[in-house]
Amino acid sequence: MIKLTMMAVMVLCAANGAEWSEPADVHHEETLCLSYRARLDGSYLVVRAKIEPGWHTFAMDNKQRAEEKLAGKRSLGIDHPTEITLTGGLEVTAPWLQSPPKDFSKPELRWFSWGFEREAVFVAKIRRTGTTPARLAIRGQACTETTCKNIDVELSLPPVKTSASAGGAEINLKDLIQVR
């Protein structure tokens, strides 16, 4: 199976005519941890995270995955999952999809966690609910081996060009998995 790289997502999106939002950067003190961008691709919202070396962030379904592994037992802690909420003229109409997460778990410590290094893609099928500009709120956590930073950023989606909203999606959904 061919993995969808961030460069492939950007090339496909550029070919479809839609523009990426301005980046929303997450810093820990002076250090850039990761950067989010978003765009519309046909009837899909695409959110991408570019994660800096040494940092990682967590899957949207991190809590559910951890609870499944713990099977009722107590944990030392669960890392904060990525949460994306929409406001304005868009509504999510189907379950979110995400890049397949990496298993960061340490079962001997009863600590279970899944997430992403370098890059992550989140996709949801959407529908328009009005003409209000769409905004995304992204919350979660980014960590290194020694520190964590809470994520709380917002993105504004750029206006959609008529030609971009009329066509089908260019994103390859087969390379993503459904959030639990």
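The values are calculated or read from the model by the stated rules, or taken from the named source; none is laboratory data. Worth saying up front: this structure is predicted, and the values here are computed from it rather than measured. No Cβ is skipped: glycine too gets one built from the backbone with ideal geometry, and neighbour counts run over all protein chains shown. With ligands, DNA and RNA removed, areas are computed over all heavy atoms of the protein, side chains included. Shrake-Rupley method; radii C 1.70, N 1.55, O 1.52, S 1.80 Å.
For this structure, a couple of remarks:
- Residues of the stretch 112-136 that are farther than 15 Å from Y36 by Cβ and touching a residue at least 40 places away in the same chain (Cβ under 8 Å): F112, S113, W114, E117, K125, I126, R127, T129, G130, T131, T132, P133.
- Cβ-Cβ contacts under 8 Å between residues 6 or more apart (or on different chains), taken from a first residue in the stretch 80-98 that is farther than 12 Å from Y44 by Cβ to a second residue that is aliphatic (A, V, I, L, M) and open to solvent by 40 Å² or more (accessible area, probe 1.4 Å), are listed as L86/V92; Q98/I177.
- Taking every residue in the stretch 61-75 that is closer than 15 Å to P101 by Cβ and pairing it with any residue that is open to solvent by 80 Å² or more (accessible area, probe 1.4 Å), at least 6 positions away or on another chain, the pairs with Cβ-Cβ distances below 6 Å are D61/R180; Q64/R180.
- Candidate set: the stretch 51-104, residues that are among the hydroxyl-bearing types (S, T, Y) and part of a loop (DSSP other than H, G, I, E, B); chosen: the one most open to solvent (accessible area, probe 1.4 Å): T93
- Failed item in (1) farther than 24 Å from S156 by Cβ; (2) touching a strand residue (DSSP E or B) at 6+ places or on another chain (Cβ under 8 Å), with E30 passing the rest: (2)
- Criterion: touching a residue at least 40 places away in the same chain (Cβ under 8 Å), under 19 Å from P158 (Cα atoms), aliphatic (A, V, I, L, M) and surrounded by fewer than 22 Cβ atoms within 10 Å (Cβ to Cβ) - qualifying residue of A38, A24: A24
- Search result, residues across the stretch 128-140 that are modelled with pLDDT of 95 or more and open to solvent by 20 Å² or more (accessible area, probe 1.4 Å): R135, R139
- Put simply, of E108, E154 the only residue that is farther than 15 Å from L34 by Cα, among the charged types (D, E, K, R) and either under 16 Å from the mean Cα position of the chain (by Cα) or outside any strand (DSSP E or B) (or both) is E108.
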